[in-house]
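Below is one structure, written out as structure tokens; comments come after it.
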Amino acid sequence: MVNFWDFSSWGFFNLTAILLGSLLVANMLKRSIPWLEASLIPTSVLGGGILLVISVIYNQVTGTEFFDTPFFGGQGTAWLELLTYHMLALGFTASALKSSGGKMSKERSVEIFNTGLTTVSTYLLQALLGMVICIIGARYLTDLLEAAGLLLALGYGQGPGQAMNYGGIYELDYGFVGGKSFGLTVSSMGFLAASIGGVLHLNYLKRKGKIVLDKGTGMAGESVEGSNEIPMQESIDKFTVQIALIMVAYMLAYLLMLTLGNLLPGMRATIYGFNFLLGVLAATLLKTVMNALQKRNIIHRHYTNDFLLTRATNFFYDIMVTASIAAIRMHIIGRYWTVLLAMGLAGLAATYTYVYFVCRKLFPNYTQQQFLAMYGMLTGTASTGIILLREIDGDFKTPVSDNLVYQNFPAMVFGFPILLLATMAPTQPYLTLGIVGVFLAAMNLLLFRSFLFRKKTT
């Protein structure tokens, strides 16, 4: 029997209200404080930061966790972690339901392929640096897990969801105390790196007269409604249809994970860590089935809407980022601050330098736009990359935004081994480090193939 007046009935909704309320407060602060608006710090990062400060102060005063008070049902921290975990996958699932686009030219296909390779190569560079730092750090901090260095690639390159997933695996399976918070802290530093590095680069370009800031309308290139779609409002609202499709696809992903977990019980934790990939797979299958039914005139309209799916994706990512930062437990990871600082600074410098070099070589027609978008994505999330891109390409006149969307497939194919290495690293850190180094060299050979294997002209 559920009592509606108990905190257990209201805790999750109170937590959700606090998360969304922090986004409103953060948005008002950004609009009213000029230096905050100029900083390009995402509103979700600022909102999560506000909650983190409140949580730290509350813990120092009372000695208890703010989010574990009865007001949040006594388990708010666990819910924050669950929201981070699920929102990442739901965002990927929603994106996968969007239209695939038409046939591309060979040149555009090469650019998208190279964008995906750049993403994976940057992951590997971040992983290499993180592993070296943590292997050295473990000599002085005996409770530091050497494999924690891979969380630099997962936190910077892939965002809070994966950083928390693997930090949790390291915490539960390998005794790395504070693993989840360690991963979430790395991802939070990534957002700061994106903001600081992005703003400095924009200001440099502006001073040199190389760019003119152009925020544009922000809506060009986004069609509110495609052809032959179901009406916006009928017996069921169109946005409700999009949410229904997302949730059905995610349920199918769960059934896949459940089946695989039962077949391979020793890999259950790893399988459920790939919830975002299986979400993409399930969404792709659902979209394929719906397209096939439409071709056979079994269904007569398009049920998906790219504009609304983008809005849903952004909502999921905003909640994910805010919840991930709020879930950090600073008093647990304080012992690792020197290692975290070294990883954060190394990640910023290496990502900035490497990505800029690649963009100058491989994207000469729109170097600055490609760099800002990729740097923002590879230190934060795709949304962070778009924020930086809009500063100089507000109406998406360059193909950079498409590069970020369509690069996911080659990035997933070539990047999948990194996730497998992340599960091997705790038991064989030195072997993992060697494999990462070799993998990085191979990816750069492939990335710069046009320069390294150029045919000689007579």
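Coordinate-derived values only; no laboratory data. The structure presented is a predicted model; accordingly, all values stated were derived computationally and were not measured. All Cβ positions, even for glycine, are placed from backbone atoms using ideal geometry, and neighbour counts span all protein chains on display.
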Sum of -39500 (n - 2.57) over DSSP H runs of 4+, divided by residues of the chain (222 nm, nearest 500): -23500 deg cm²/dmol
message: Could you tell me the extents of the stretch 83-134's C-alpha atoms along the three principal axes, largest first, rounded to whole Å?
response: 45, 34, 5
task: Return, for the Cα atoms of the stretch 408-458, the radius of gyration and Dmax in Å, separated by a comma.
output: 14.8, 53
- prompt: Cα to Cα, under 17 Å, and not fewer than 8 places away if on the same chain: which aspartates and glutamates meet these conditions relative to LYS208?
  reply: GLU391
message: Viscosity 0.692 mPa s, temperature 37 °C: give me the Stokes-Einstein translational D for the stretch 29-74 in µm²/s, with Rh taken as the Kirkwood radius over C-alpha pairs.
response: 271
field: Where the Cα pairs of the chain fall when distances are cut into 10 Å bins, in %
entry: 4, 19, 30, 28, 14, 4, 0, 0, 0
task: Going by C-beta contacts inside 10 Å, put TRP10, TRP5, TRP79, TRP337 in order with the fewest on the left.
output: TRP5, TRP337, TRP10, TRP79
- line: For the stretch 1-55, using Cα atoms only, the Rg and Dmax in Å read 14.9, 52
message: Taking the Cα centroid of the stretch 239-299 and of the stretch 61-110, what is the distance between the two, rounded to the nearest whole Å?
response: 16
field: Å³ per residue enclosed by the Cα convex hull of the stretch 60-185
entry: 140
task: Based on other C-beta atoms within 10 Å, arrange ASP68, ASP306 from fewest to most.
output: ASP68, ASP306
query: How large are Rg and Dmax for the stretch 258-398 when only the alpha carbon atoms are used, in Å?
result: 20.5, 62
task: Please compute the Cα-Cα pair-distance distribution of the stretch 343-452 with 5 Å bins starting at 0, giving whole percents from short to long.
output: 2, 11, 16, 22, 22, 14, 8, 4, 1, 0
- prompt: Residues with amide H under 5 Å of HIS302's amide H, sequence separation 5 or more or different chain, H placed in the peptide plane at 1.01 Å from N; which?
  reply: GLU229, ILE230
- prompt: If each residue's Cβ is checked for other Cβ atoms within 10 Å, how do CYS359, CYS134 rank with the fewest at the top?
  reply: CYS359, CYS134
field: Residues with amide H under 5 Å from that of ASP393, placed H, sequence gap 5 or more
entry: ASP214
- line: Pairs over 28 Å Cα to Cα, from LYS238/LYS295; LYS180/LYS287; LYS30/LYS206; LYS238/LYS287; LYS180/LYS397; LYS106/LYS361, come to LYS180/LYS287; LYS180/LYS397
task: Could you work out the per residue convex hull volume over the alpha carbons of the stretch 34-107, in cubic angstrom?
output: 177
